[in-house]
Amino acid sequence: MNQILWLNDRRYEKGLHGLLEEYKSHEEREALITLLERFIHHEHRDRLDAVDYLADIINEKNFTHQDTLFIATSDGKESDGSTAGLYNFKSALAELGQYWKEDNLIPSLNMSFERCTSCHIKNVVIFDDFIGSGKTIVNKVNEFRQEMKARNVLHIKIYIFSYVGMKFGVEYAAKELDQEIYCYLHVSPDQYSLIY
């Protein structure tokens, strides 16, 4: 296992030991090693790079603290990667030199609806930390669109941000939603590519 660089970390020792206890035969362990070699490990520094990429988009689009909300795709019922990932933006927003506050970060779609009725809000960034098949982000964006239409809020432009996405899922969602998705890392079964 020493040849798998990301596994050479003391934080993984217990889990790795547990896996090796589960798979004791030579064939099982070889299969496990093959799977781990193919695994794409997204580390903290990758997350920081993704935040920088998305911060550049924020800057490029001239979003301001007065006209933009960032909304996690979470349903608000339990801890969720989209909510945790969204809060990684706090420091990046502070570095943009504007007056961004935690008020600009909404932890769930349902909590955002009332805030979006303000005439000051012009941009909404719907954020999910990972796009797999693309179905969840499509459903969440469509739910948001329907709710805004029902409230007669037609002035908001929607953007979609993600740290990582399966290439086929990002392409599916972009096509279904007919809009660009800003996703830092696209992963496919045979490779991954950085968009930055």
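The values are calculated or read from the model by the stated rules, or taken from the named source; none is laboratory data. These numbers come from a predicted model, not from an experiment. Note that we place each Cβ from the backbone using ideal geometry, even for glycine, and neighbour counts take in every protein chain shown. Side chains included, ligands, DNA and RNA excluded: accessible areas come from the protein's heavy atoms. Shrake-Rupley method; radii C 1.70, N 1.55, O 1.52, S 1.80 Å.
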Which number in (1) open to solvent by 70 Å² or more (accessible area, probe 1.4 Å); (2) of a type in the set (Val, Ile, Thr); (3) free of Cβ contacts under 8 Å to residues at least 40 places away in the same chain marks the one condition that Val138 misses?
-> (1)
Residues of region 1-19 being in contact (Cβ under 8 Å) with a residue 12 or more places away in the chain and assigned to a helix (DSSP H, G or I), which ones?
-> Trp6, Leu7, Leu16, Leu19
Failed item in (1) aromatic (Phe, Trp, Tyr); (2) farther than 17 Å from Asp80 by Cα; (3) open to solvent by 40 Å² or more (accessible area, probe 1.4 Å), with Phe130 passing the rest = (2)
Would you mind telling me which numbered condition in (1) in a helix (DSSP H, G or I); (2) charged (D, E, K, R); (3) surrounded by 12 or more Cβ atoms within 10 Å (Cβ to Cβ) Glu37 fails?
-> (3)
Out of the residues in region 40-66 that are touching a strand residue (DSSP E or B) at 6+ places or on another chain (Cβ under 6 Å) and open to solvent by less than 40 Å² (accessible area, probe 1.4 Å), state the one that is farthest from Gly165 (Cα to Cα).
-> Phe63
If you go through region 80-89 one residue at a time, do you hit one that is loosely packed, with under 13 Cβ neighbours inside 10 Å, farther than 23 Å from Glu171 by Cβ and not aliphatic (A, V, I, L, M)?
-> no
